[in-house]
Amino acid sequence: MKDTLIPGIRYEHKYLLPPNRTVPALYPESPEFMAMPEVFATGYMVGFLEWACIMCIKPHLDWPAEQSLGTHINVSHEAATPPGLTVTASVELIAVEGRKLSFSVSAHDGVDLIAQGTHERFVIDKARFDNKISKKQITQIN
């Protein structure tokens with residue numbers, strides 16, 4: 001982590017919502033999901049907020065050797081967003097405790113505030129993490 005990784009860093013990320021990020025697209029093998037309205041799926045929205053946080057801190061990490069993984073998310077999903085609207089995530093790094101990073105997050109679709117809350121990420125050494133996961137996979141196979 002670089003010395004520049006400090007609270008107060010902000011980032012805004014825009015995304016034109018495509019049809020394949022709606023509720024039916026989340027689990028197309030599920031008839032229940034396929035019957036749901038074609039609006040931004042909460043699962044994809046969470047991923048979008050994570051993406052914004054990654055982009056926020058990427059210049060402050062030794063990327064790609066250092067990366068971050070989400071460890072906690074606490075967000076509301078307050079309004080439905082149909083495909084074709086541009087969603088904007090606004091994130092701010094609010095705390096750095098060792099390798100634990102805390103963010104304030106929100107998203108707007110140009111009409112409504114659609115999400116707000118907090119998100120935590122943990123900075124990892126990518127090679128070390130991959131090695132640990134490989135060992136876990138080998139253990140599962142045996």
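The values are calculated or read from the model by the stated rules, or taken from the named source; none is laboratory data. This is a predicted model, so every value here is computed, not measured. Backbone-built Cβ (ideal geometry, glycine too); neighbour counts: all protein chains shown.
Of all residues in segment 60-79, those satisfying the criterion of being loosely packed, with under 15 Cβ neighbours inside 10 Å and either closer than 27 Å to Phe40 by Cα or of a type in the set (Asp, Glu) (or both) are Asp62, Leu69, Thr71, His72, Asn74, Ser76, Glu78.
Assigned to a strand (DSSP E or B), under 13 Å from Glu120 (Cβ atoms) and in contact (Cβ under 8 Å) with a residue 60 or more places away in the chain: which single residue out of Val75, Val91, Val87 fits that description? The conditions single out Val91.
Check Met1, Met55 and return the single one that is touching a strand residue (DSSP E or B) at 6+ places or on another chain (Cβ under 8 Å), loosely packed, with under 15 Cβ neighbours inside 10 Å and under 24 Å from Asp130 (Cβ atoms).
Values: Met1 fails: loosely packed, with under 15 Cβ neighbours inside 10 Å.
On inspection, the qualifying residue turns out to be Met55.
Out of curiosity, is Gly70 modelled with pLDDT of 95 or more and touching a Lys or Arg at 6+ places or on another chain (Cβ under 6 Å)? It is true that Gly70 is modelled with pLDDT of 95 or more and touching a Lys or Arg at 6+ places or on another chain (Cβ under 6 Å).
With the condition kept exactly as written, say whether any residue in segment 95-110 is part of a strand (DSSP E or B), touching an Asp or Glu at 6+ places or on another chain (Cβ under 6 Å) and without any contact (Cβ under 8 Å) to a residue 60 or more places away in the chain. Yes. If Ile57 satisfies all but one of (1) outside any helix (DSSP H, G or I); (2) more than 17 Å from Thr22 (Cβ to Cβ), what's the number of the condition it fails? All conditions pass for Ile57, except number (1). Does Lys2 qualify as being over 13 Å from the mean Cα position of the chain (by Cα), closer than 12 Å to His119 by Cβ and among the basic types (Lys, Arg)? It is false that Lys2 is over 13 Å from the mean Cα position of the chain (by Cα), closer than 12 Å to His119 by Cβ and among the basic types (Lys, Arg).
Considering segment 95-116 alone, what residues qualify as being under 21 Å from His77 (Cα atoms) and among the β-branched types (Val, Ile, Thr)? Across segment 95-116, the qualifying residues are Val105, Val111, Ile114.
Of all residues in segment 107-139, those satisfying the criterion of being of a type in the set (Lys, Arg) and surrounded by fewer than 17 Cβ atoms within 10 Å (Cβ to Cβ) are Lys126, Arg128, Lys132, Lys135, Lys136. Of all positions in segment 24-44, at least one carries a residue that is in a helix (DSSP H, G or I), among the hydroxyl-bearing types (Ser, Thr, Tyr), touching a residue at least 12 places away in the same chain (Cβ under 8 Å) and in contact with a helix residue (DSSP H, G or I) (Cβ under 6 Å, 6 or more places away or on another chain).
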